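Presented below is the structure to which this report refers.
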Amino acid sequence: MKSDTPAGDRQSSPLSILDLIDYFRGGAKPRAAWRIGIEQEKIGVLSDGGPVPYDGASGVSQILTGLLGRGFTAYREDGHIIALERNGERITVEPGGQLELSGATLASATACKQALLRHLDEVNAVAAPLGVRFIGIGVRPFGTLEQIPWLPKRRYAVMRAYLPTRGRLAHQMMKRTATVQANFDYDSEADATDKMRTAYGITSIVTALFAASPIIEGRPNGYKSYRAAIWLETDEDRCGLLPFAFNASFSFADYV
């Protein structure tokens, strides 16, 4: 959320519960203005199946640098490229080097699919000459956790220290997993709460339909979706279903 309030005023006026409720209410749009936004993470591997480092001739930084020549603007932290942006699309890197597309908001699922395919073609054109391939799977299937380097990003340093205090598989989530997401608009508080209940209601079905992480460290792990198992032991404060969402009176205020 962007504010035009001077920084000093923001610091002396912390957000209230009503501010947060109004933020969600302010996101409502008429149906004609509805859009879909997708997010897609993918796991890069070298020719031996090993993880892609951030630095080096075949590193994530080289892929990002190669994309710069295609009209992207780079965002840096401590001298490292950590994100690219172009025409509403954003490319970022997850803690274990997973490359993520946050797509522009588009009018249909078909348009999102076409944008994703263009993105994959573009990324592969840059990565393939470096010996990097991307796999569409929920968990990195090869290599130990220690062999996966951390992305040099300050936010991830905070998460790296904090999340293991909330769940024993937190580092597995950060370094090994990849996901896809879809973001949908709503026209009212009632519409938003209906959509949230629907999403919660079909979560287990969607997890089963797209289960794609049965291998870890080169061996079967006993799960169809080890990614789902990892998230169950990551941070219960931030993850999982909210049972009160199924109450008839559920509202933005309850969520806040």
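The values are calculated or read from the model by the stated rules, or taken from the named source; none is laboratory data. The structure displayed is predicted, hence computed values, not measured ones. All Cβ positions, glycine included, derive from the backbone under ideal geometry; neighbour counts span all protein chains shown. Accessible surface is based on the protein model in full, side chains and every heavy atom, while ligands, DNA and RNA are left aside. Shrake-Rupley method; radii C 1.70, N 1.55, O 1.52, S 1.80 Å.
Structure notes:
- Residue match in segment 58-68 (condition: over 30 Å from residue 215 (Cβ atoms), loosely packed, with under 12 Cβ neighbours inside 10 Å and among the β-branched types (Val, Ile, Thr)): no
- Scanning segment 148-191 for residues that are closer than 30 Å to residue 108 by Cβ and touching a strand residue (DSSP E or B) at 6+ places or on another chain (Cβ under 7 Å) returns 177, 178, 179, 180, 181, 182, 183, 184.
- When residues in segment 54-89 are screened for being aliphatic (A, V, I, L, M) and under 19 Å from residue 149 (Cβ atoms), 7 of them pass.
- Filter pass, residue 178 being modelled with pLDDT of 95 or more and touching a Gly at 6+ places or on another chain (Cβ under 8 Å): yes
- Residues considered: 97, 50, 71. Of these, the only one that is over 16 Å from the mean Cα position of the chain (by Cα) and either touching a residue at least 40 places away in the same chain (Cβ under 8 Å) or open to solvent by less than 40 Å² (accessible area, probe 1.4 Å) (or both) is 50.
- Exclusive hit being basic (Lys, Arg) and open to solvent by less than 40 Å² (accessible area, probe 1.4 Å), set 140, 86: 140
- Matching residues, segment 22-57, being closer than 23 Å to residue 212 by Cα and aliphatic (A, V, I, L, M): 38, 43, 45, 46, 52
- In segment 177-199, residue farthest from residue 52 (Cα to Cα) [restricted to those that are crowded, with 19+ Cβ neighbours inside 10 Å and either in contact with a Leu (Cβ under 7 Å, 6 or more places away or on another chain) or hydroxyl-bearing (Ser, Thr, Tyr) (or both)]: 193
- Helices (runs of 4 or more DSSP H) contained entirely in segment 140-256, each with at least 3 residues that are closer than 30 Å to residue 78 by Cα: 154-162, 170-176
- The lone criterion from (1) of a type outside the set (Phe, Trp, Tyr); (2) over 17 Å from the mean Cα position of the chain (by Cα); (3) open to solvent by less than 70 Å² (accessible area, probe 1.4 Å) left unmet by residue 170 is number (2).
- Residue pairs whose Cβ atoms lie under 9 Å apart, sitting 6 or more positions apart in sequence or on different chains, and linking a residue in segment 108-137 that is of a type in the set (Phe, Trp, Tyr) to a partner that is surrounded by fewer than 18 Cβ atoms within 10 Å (Cβ to Cβ), are 134/120; 134/124.
- Qualifying residue in segment 113-131 (condition: part of a loop (DSSP other than H, G, I, E, B) and open to solvent by 60 Å² or more (accessible area, probe 1.4 Å)): no
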